[in-house]
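For reference, the structure discussed in these notes is given below.
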């Protein structure tokens, strides 16, 4: 694995600025396999921006009638959300 720098920003604006400042930067958070991919040298970021403690765990309505899904929303919570289930159903293939 190649060397990299790491930062844990205090808010969303700092996170966006941190990843925009370094061309090879990537976000990292819980539940990711990025470190595994880095060990295999499939991904080679030079800078990691940890967003795991930012308040990005909400599913919010947009003015256009869609949904904004935060980067920290758990898959199970997303799948169980009644708005997701009613507006974006998955077809069943048998």
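The values are calculated or read from the model by the stated rules, or taken from the named source; none is laboratory data. Given the structure is predicted, the values throughout are model-derived calculations rather than measurements. Virtual Cβ from ideal backbone geometry, glycine too; neighbours counted across all protein chains shown.
Structure notes:
- Across the stretch 21-43, the qualifying residues are those that are over 14 Å from residue 2 (Cβ atoms) and loosely packed, with under 12 Cβ neighbours inside 10 Å, and the one among them that is modelled with the highest pLDDT is 21.
- Identity of the residue in the stretch 62-90, within 13 Å of the chain's Cα centre (by Cα) and not in a loop (DSSP other than H, G, I, E, B), that ends up surrounded by the most Cβ atoms within 10 Å (Cβ to Cβ): 69
- Checked across the stretch 68-80, the condition of being touching a strand residue (DSSP E or B) at 6+ places or on another chain (Cβ under 6 Å) and at pLDDT 95 or above holds for at least one residue.
- Counted residues, the stretch 44-61 - those being crowded, with 16+ Cβ neighbours inside 10 Å and over 13 Å from the mean Cα position of the chain (by Cα): 2
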